[in-house]
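Here, each number is a calculation from the coordinates, and none is a lab measurement. It should be emphasised that the depicted structure is a prediction, and the values quoted were computed from it without experimental measurement. Here the Cβ is made from the backbone with ideal geometry for all residues, glycine too, and neighbour counts use every protein chain on show.
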């Protein structure tokens, strides 16, 4: 007998909706902020570079103006250009004027160059811009990276010059790195804030679904009959339709039970008439045969009506049954019926069966009654509450009914639960008890197994879902 009804294959990598939403939001936030950071860093670098170029171009225009209006040929008047770094040797700030129309180029330069020379951007293939200058990066005399701007000046008969100004590019990089540092800190704080906001929204935005899940679990366990409370307008239709489904399920079960009862009365009455007519004929062989077959029909009708009744019950929303009081009451009742049999009961107070009390009494009562019929003097009833092997499945009740009778062989155990099978005609009964227990337990996702008991007789182990 299977341990429970078959379950659909589970996703090997289950994940909750909240987790998926959080991961999606996290990825989206990180990607957006990363792209935004790259764009802002690039924009700021370009702005810093343009500001640096404007500074270089100011010095360049000053030099060009001095070249275009020479006085006595002295260059002291524009040696520093108002920037002390041009006087500091190898400071990274340099200017250079080269007259190119003479056999030997004449070079004038800032003191900071210290007899070094600046390379030409023209030699590197950099074209002139619309404003007539070239701009680019070069390696300076001391290995510094320089931002350089140069402009050719043609004064006609007064000569052709190449005027160059260079500044230390570390100023650009330092500004950019400082901005990137603060940008990174700002975006890190923004990311944390957005993620915390996302967690808050997901947690509280999905809380109505969690409430519905808990309420449905309460309904299945018998602690509630319907979804109660107010829900947001987006969730309210789900709660309303769930309650409607529960009510429709109850109505279907009630109709099925009504039809079962009607069928029982409709069948029993004709059978009673047949029995009365056959009994009136005395020892007529035909009447005897009719009575024999009517008895079989009654057993069949009783069996199938019982199956229909118990099959309808698990389809309705589950209830909860306290196990200990039911077991003790059945034990006391069976001791009165079966005189001379000592019944020992052991059940934990917290044990509860997820199902109807009547069904539980019928299953356990049949097992205890069978044990008392075959026991010599002692019957033991023990209830164990065992956790489920899988988190998604409920804990299980293991009800062990042992007797000290003669027990059953392996072949007899295999036949004992068959419908209408009686291993000893000397004992009263119809042979349907164990069959009903097996069917009812299976409908609740449980099972019945027979084995040898420590007392020497038969052990019946009934496994049912716990609440």
Checked the range 164-299 against the a/c 1.5 cut and the a/b vs b/c comparison, axes a ≥ b ≥ c from its Cα gyration tensor; verdict prolate
Ordering 139-150, 280-291 by per-residue average of other C-beta atoms within 10 angstrom, highest first, gives 139-150, 280-291
Most packed first (mean Cβ within 10 Å per residue), the peptides 268-277, 343-352 order as 343-352, 268-277
Length gained if residue 244 through residue 19 is fully extended, taking 0.36 nm per residue and subtracting the Cα-Cα distance, is 78.0 nm
Over all Cα pairs of the range 319-465, the Kirkwood radius sets Rh, and Rg/Rh then becomes 0.95
Here the FRET efficiency for residue 288 versus residue 254, based on Cβ atoms and R0 = 51 Å and rounded to 0.05, is 0.75
Expected sort for 82-95, 40-53 on mean C-beta neighbours within 10 Å, highest first, is 82-95, 40-53
On the formula 1/(1 + (r/R0)^6), with r taken between the Cβ atoms of residue 197 and residue 128 and R0 of 51 Å, the FRET efficiency rounded to 0.05 is 0.45
Full extension between residue 41 and residue 224 adds, at 0.36 nm per residue less the Cα distance, a length in nm of 60.0 nm
Expected unfolding gain across residue 157-residue 281 under the 0.36 nm per residue rule, minus the alpha-carbon gap, is 29.3 nm
The range 319-465: relative contact order from alpha carbon pairs under 8 Å, six or more residues apart, as a whole percent, is 23
Note on the range 57-216: contact order normalised by length, alpha-carbon pairs under 8 Å, 6 or more apart, percent, works out to 20
Given a Förster distance of 56 Å, the FRET efficiency implied by the Cβ-Cβ spacing of residue 87 and residue 27, rounded to the nearest 0.05, works out to 0.50
